[in-house]
Amino acid sequence: MPNSSVQIRLMQAADLEAVVRIDGKILGTPRSEYFEMKFEVLFESSDCLPTSLVAEDASGAVVGFVMGTLYMGEFGIYQEQATLDTIGVDPEYQKKGIGEQLVGEFVAHLKSLGVKKLSTLVDTDDAKLMHFFGANRFVPSKIVNLERRL
């Protein structure tokens, strides 16, 4: 259900501080370096198309974000698959449909660019995220993520 009190727009480089703040509120610790690297790729790489979005409240404050990647393929042709790698909604604004609205707008934007499939990774022990993505029509992939402990 769309939340009429927020507006969704493309993320801008100036949104870094707000994204770090929201993510820090969610996780309990800021990940400044992680987001600085992500923003560098998003806003300084010619191989990456702008797809990440933010949600702003009526005052213009960023209250949520979704970040993903759509790389430019061979000969400037977009790839048909994108990734959603980070999503966050300020805890004060959660449970109001903003995350769902961000995913919906993100999907619509990607569809307009010709993307056919969107993937993400979720820890199966994270019941809240599993439920959120399931409610947003994500299903388990046939691709298995393999890991090796070192």
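No value in this document is a laboratory result; all are computed from the given coordinates. Model, not experiment: these values are computed from the prediction. For neighbour counting, all protein chains shown are included, and Cβ atoms are generated from backbone atoms with ideal geometry for every residue, glycine included.
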How many nm is it between the label spots at Glu100 and Asp126, if each spot is 7 Å from the Cα in line with the beta carbon? 2.0
Classify the range 1-61 from the C-alpha gyration tensor, please: rounded if a/c falls under 1.5, else prolate or oblate depending on whether a/b exceeds b/c. oblate
The set of residues whose placed amide H lies less than 5 Å from the amide H of Ser119, leaving out same-chain residues fewer than 5 positions away, is Ala82, Thr83, Leu84
Phi-based couplings in Hz for the range 107-116 (Karplus 6.51, -1.76, 1.60; Gly and Pro marked x): 4, 4, 4, 5, 4, 5, 8, x, 6, 9
Have a look at the DSSP beta bridges in the range 1-148 and tell me what percent are antiparallel, nearest 5. 85
I need the peptides 98-108, 24-34 ranked by packing, meaning the mean over residues of other C-beta atoms within 10 angstrom, with the highest value on top. 98-108, 24-34
Give the residue list of trypsin sites (Lys or Arg not before Pro) in the range 79-139 that are DSSP loop and have at most 13 other beta-carbon atoms within 10 angstrom. Lys95, Lys116, Arg137
Per residue of the range 138-150, what does 6.51 cos²θ - 1.76 cosθ + 1.60 with θ = phi - 60° give for ³J(HN,Hα)? Whole Hz please, x for Gly and Pro, Karplus curve as stated. 7, 10, x, 8, 7, 7, 9, 7, 9, 9, 9, 6, 10
Of the lysine pairs in the chain, how many meet both conditions: Cα atoms under 20 Å apart, and a spacing of 8 or more in sequence or different chains? 8
For the range 7-121: Kirkwood Rh in Å [reciprocal of mean 1/r, alpha carbons]: 14.4
